[in-house]
Amino acid sequence: MRLAFVSPLPPAPSGVADYSAELLPLLADRVEQVQVVIPFDGPAPVIAEHSRLTLVSEAQFVATAEAQGYDAVIYQHGNNEMHAFVHRLSQRFPGVSVLHDGVLHHFVAHQLLAQSPQNWVEYTKVLERAEGPLGRRFAQLREQNLTAPWQVFLLPLLAPIVSASRAVLVHGAAVEAALRRKFPHTLLRRVRHHYSPLPERLAKLTQAQARARLGLPRDAFIVGSFGFVTPSKRVELALRAFSHAYSQLGEAHFVVVGKRLEFDEHIVDELGLAARVRLTGSVPLEDFLTYLIAVDVVVNLRYPYSGESSGSLMRALGAGKACVVSKTPLAADFPEDVTATVPVGAGEVAAIARALLTLQRDPEKRKALAERAARFARHACSLEQSADAYLAITRAMLAKGKEAELAALTAALEAAADDEDRLRWRQESAAQPVWEALTALRRWQVKDVVVVGEPIEVSTVLSAELGNHVRVHPWNEGAPTPLLKTADAAVVLAWHRDFLGPRDAQAARWVSSAERRLQVVPGRGAV
């Protein structure tokens, strides 16, 4: 199987980029080739060295995709501008779309409204196509500044991606259920977001060593928040809860590890926590993981919940950390005894504070929670399971696509055949070898192909399917053999397969050479 893989990749500061980089070697282990696409406006990604992994430019990808040189294309969709080239290419070359978010409204709005002048006309059209009259009305109200930020979560704008995809893979049960209701005929599967084992150089690093490396106090109770800091991550609430419990926590510190977006840093001074809170900003992955090893508890809150998967949460679970999460559909993706959940809304700050105090005062409970988290991640969320799920949905997509293509090809052969041969193409699997020949010819990117023998409908249909850029020459008993020797490929009808030997030894050698290809398909009377 030949795959193309379209996603942000390191050094892009993205959880999806790290996720993809971790997955690629395992995919490459399982298929013939994986070509990783470099966006035309971005740096070359850093990927693992692997004999079946190669980097290609966007232009190279387009040329190969147009020639149908891939069995499938896998797209990693996220809710930020780094995924612009992923969305764009997926609309042109449909494949397997992996949705890391259940809401893509923020991405769409950034693409159309973050630039000057703002494209309100196109924004309105996108919303109307995806959400109907409600979408159009929302766009009109937003243009007049009459909407609230949280309302975009009610209009996910997934339809443009799902409708243009041949298959969809998601991580969350809530997103899966919503998509099944709205797109019942879409090939849809769910696989848990994988966890990533710590690199060997960090796997044996103790908590004390990690703290020493980072300049954190050895014996303090340390809470951490990891990943992009956005309003929905509720880091401000977590800090307020930490401040609320601070006097009872003893020596305690809070580290916020990740790039901050729309976060008011003055909250730290306002709460009097300047000496106890560290805001690191974006850090290299090794430092990110070192901080993860160093903390006692991870706070990973989400609300409003947009159906997104959390790579940072999966890293924390896999690293064996006690995690406090919001009681949203994301929490429902995990067994109840794997995370500590807190309600959203009234009393949320107090609930977070109580959870922190409980985990600080009861080290055994904290240890047991952490061990269950690590065990769950290892058994239910491995990289191997993730790669196998990718291949399973890709094969299902190819089988589904093959059925549709075979049906269309059979209809075309029937239409082009005379009365004598028309019934033959209605026999089960009769068109299968013609489909295989067509698939091979597209992959080989031939310019000239000779079809040897009758029925003539095979030549007619191949000519129509391959398009004007490929010349299809019907060969028959009276045609000169040199025509065969100058072509890129030959399609030979089964009843005529032995024509080469007795007629032209040179032509027989031509078929067996590395540069020339031969496909054999049934002909008249062949079963």
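No lab work stands behind these numbers, since they all come straight from the coordinates. For clarity, every value in this text was computed on a predicted model and none was experimentally measured. Positions of Cβ are generated from backbone atoms using ideal geometry, with glycine treated the same way; all protein chains shown enter the neighbour counts.
What is the local net charge at Ala431, summed over the other residues whose Cβ is closer than 13 Å to its Cβ (Lys, Arg +1; Asp, Glu -1)?
Computed value for this residue: -4.
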Subject >> segment 405-426-segment 118-135 distance, computed between alpha-carbon centres (Å) >> reply: 43
Subject >> Whether segment 364-427 is rounded, prolate or oblate, judged on the alpha carbon gyration tensor where a/c under 1.5 counts as rounded >> reply: prolate
Original post:
Helix-derived [θ] at 222 nm for the chain: sum -39500 (n - 2.57) over DSSP H runs of at least 4, divide by residue count, nearest 500?
Top reply: -13500 deg cm²/dmol
**OP:** Just subtract the alpha-carbon distance of Glu66 and Ala396 from 0.36 nm times their residue separation and send over the number in nm, one decimal.
**Re:** 116.6 nm
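Please give the charge dipole size of the chain, origin at the Cα centre, charges +1 on K and R Cβ atoms and -1 on D and E Cβ atoms. Round to the nearest 20 debye.
I would put it at about 1000 debye.
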Subject >> Rounded Å value of the spacing that divides the Cα centres of segment 137-186 and segment 330-378 >> reply: 30
**OP:** Under 15 Å from the Cβ of Pro343, count the other residues' Cβ atoms, weight Lys and Arg +1, Asp and Glu -1, and hand me the total.
**Re:** +2
**OP:** Report the calculated FRET efficiency for Leu146 and Arg92 (r = Cβ-Cβ distance, R0 = 51 Å), to the nearest 0.05.
**Re:** 0.90
Original post:
Which listed residue (Leu249, Ala210, Gln140) has the Cα farthest towards the positive end of the charge dipole for the chain, taking +1 on Lys and Arg C-beta and -1 on Asp and Glu C-beta about the Cα centre?
Top reply: Leu249
Original post:
Which value in nm describes the separation of the simple spin-label points at Arg136 and Gln432, placed 7 Å from the Cα toward the beta carbon?
Top reply: 5.0
Original post:
Of Val283, Val342, Ala399, which is farthest on the positive side of the dipole of the chain, counting Cα position, with +1 on Lys and Arg Cβ, -1 on Asp and Glu Cβ, and the Cα centre as origin?
Top reply: Val342
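Would you work out if segment 80-234 is rounded, prolate or oblate? Take a ≥ b ≥ c from the square roots of the eigenvalues of the alpha-carbon gyration tensor; rounded if a/c is under 1.5, else prolate when a/b is larger than b/c, oblate otherwise.
Cα axes put segment 80-234 in the prolate bin.
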Original post:
What list do you get for Ile161, Ile74 if you sort them by fewest beta carbons within 10 Å?
Top reply: Ile161, Ile74
Original post:
Projected onto the charge dipole of the chain (+1 at Lys/Arg Cβ, -1 at Asp/Glu Cβ, origin at the Cα centre), which of Trp444, Ile293, Ala63 gives the Cα projection farthest towards the positive end?
Top reply: Ile293
**OP:** Match the structure shown to one of the listed values [x] 87, 52, 47; [y] 81, 49, 47; [z] 97, 55, 39 of Cα extents along the principal axes in Å, computed from it, and give that label.
**Re:** [z]
Original post:
Hey, got a sec? Which GluC sites (Glu not before Pro) in segment 338-435 land in a DSSP loop and have at most 11 other Cβ atoms within 10 Å?
Top reply: Glu428
Subject >> Cα centroid separation, segment 83-111 to segment 219-265 (Å) >> reply: 31
Subject >> Flagged links, alpha-carbon separation over 20 Å, of Lys204/Lys365; Lys321/Lys367; Lys204/Lys367 >> reply: Lys204/Lys365
